[in-house]
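Just below is one structure, and these are the notes that go with it.
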Amino acid sequence: MKKLGLLGGISWVSTLDYYRYLNEGVNAALGGLNFAECVVYSLNFNDIQQRGWDDWEHTYSILLKGCLHLKAAGVEAIVLCANTAHVLADRLEAAAGLPIIHIASATAREVSRQQLRTVGLLGTKFTMELPFFQDKLSRHGIRALIPEPQDARDFIQRTLRDELGRGMVSPATKAAYLGLIQQLIERGAEGIVFGCTELPLLLSQADVPAPVFDTTRIHVEAALEFALSDTVFPQ
């Protein structure tokens with residue numbers, strides 16, 4: 001089994017899911033008392049948020065520090081436990097000299113596998129508005145729709161940061177998200193990408209009348225594929 005490095009704390013609530021899903025996945029594949037060989041480096045998210053994600057040089061320096069700690073611990077690939085962090089994935093991969101398992105690439109493959117061509121994309125304003133996620137979808141012939149107008153994206157950004165990022169779940173916020181999802185479906189979205197690792201705290205497939213793509217789950221499956229790629233499975 002290959003050793004994975006989880007760069008977490010962005011936020012800690014979704015990092016818990018990554019750790020749990022990875023261990024459950026390894027155990028499902030190998031049985032017995034087999035669990036994931038991994039190292040978790042958990043950031044203090046406030047170090048990013050006090051200046052904002054989009055102070056990109058500052059954010060890069062924090063994420064690179066975490067990546068280098070993981071490299072020093074002997075990991076063979078890095079999992080950035082947040083969609084927005086993948087704005088810097090290519091740069092971090094080059095600087096750390098380790099593969100980064102890309103959340104958007106894994107999601108694009110899954111959407112393509114289900115033969116959808118238009119999806120609604122929810123996430124931080126950076127995930128929705130910057131090209132790093134949509135470009136990965138586009139390479140698979142998939143068009144991404146994002147909520148309109150700007151006020152809707154600002155609302156998502158605020159609630160992801162101030163509510164879900166702190167583990168808070170509000171019925172009013174859930175209702176508002178469902179309204180935005182319905183608008184995306186009416187505009188032609190065949191599925192909805194949960195492009196923030198905190199969104200599954202609020203919403204699930206049972207809430208949405210279209211296929212949902214939980215990027216946390218999809219990302220973990222890609223990480224498991226890497227980790228178990230040299231493993232002899234029990235008969």
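Does A206 satisfy the criteria of being surrounded by 20 or more Cβ atoms within 10 Å (Cβ to Cβ), within 25 Å of A106 (Cα to Cα) and modelled with pLDDT of 95 or more? The answer is no for A206. Filtered by the rule that a residue be touching a strand residue (DSSP E or B) at 6+ places or on another chain (Cβ under 8 Å), open to solvent by less than 30 Å² (accessible area, probe 1.4 Å) and in a helix (DSSP H, G or I), region 61-93 gives L63, G66, C67, L70, A85, H86, A89, L92. For region 99-119, the candidate set comprises residues that are among the hydrophobic types (A, V, I, L, M, F, W, C) and in contact with a Pro (Cβ under 9 Å, 6 or more places away or on another chain); within that set, the residue that is surrounded by the most Cβ atoms within 10 Å (Cβ to Cβ) is V119. A residue that is farther than 17 Å from S105 by Cα and in a loop (DSSP other than H, G, I, E, B) occurs nowhere in region 176-183.
What is the one condition in (1) crowded, with 16+ Cβ neighbours inside 10 Å; (2) without any contact (Cβ under 8 Å) to a residue 40 or more places away in the chain that H58 does not satisfy? The failed condition is (1). Looking at the structure I just gave you, is E225 part of a loop (DSSP other than H, G, I, E, B) and either of a type in the set (D, E) or closer than 30 Å to M1 by Cα (or both)? Spelling it out, it is not the case that E225 is part of a loop (DSSP other than H, G, I, E, B) and either of a type in the set (D, E) or closer than 30 Å to M1 by Cα (or both). Does R153 meet the test of being touching a helix residue (DSSP H, G or I) at 6+ places or on another chain (Cβ under 6 Å), more than 24 Å from N44 (Cβ to Cβ) and not polar (S, T, N, Q)? Against the criterion (touching a helix residue (DSSP H, G or I) at 6+ places or on another chain (Cβ under 6 Å), more than 24 Å from N44 (Cβ to Cβ) and not polar (S, T, N, Q)), R153 qualifies. A count restricted to region 1-52 and to residues that are more than 15 Å from E221 (Cα to Cα) and among the aromatic types (F, W, Y) stands at 3. From the list A175, A223, which residue is surrounded by fewer than 21 Cβ atoms within 10 Å (Cβ to Cβ) and not charged (D, E, K, R)? After ruling out the rest, the residue left standing is A175. Residues of region 185-205 that are part of a helix (DSSP H, G or I) and either within 25 Å of Q49 (Cα to Cα) or within 20 Å of the chain's Cα centre (by Cα) (or both): L199, P200, L201, Q205.
The values are calculated or read from the model by the stated rules, or taken from the named source; none is laboratory data. As the structure is a computational prediction, the values presented were derived from the model and not from experiment. FYI the Cβ positions are ideal-geometry reconstructions off the backbone, even for glycines, and counts take in every protein chain you see. In case anyone asks, the SASA skips ligands and DNA or RNA and just uses the protein heavy atoms, side chains included. Shrake-Rupley method; radii C 1.70, N 1.55, O 1.52, S 1.80 Å.
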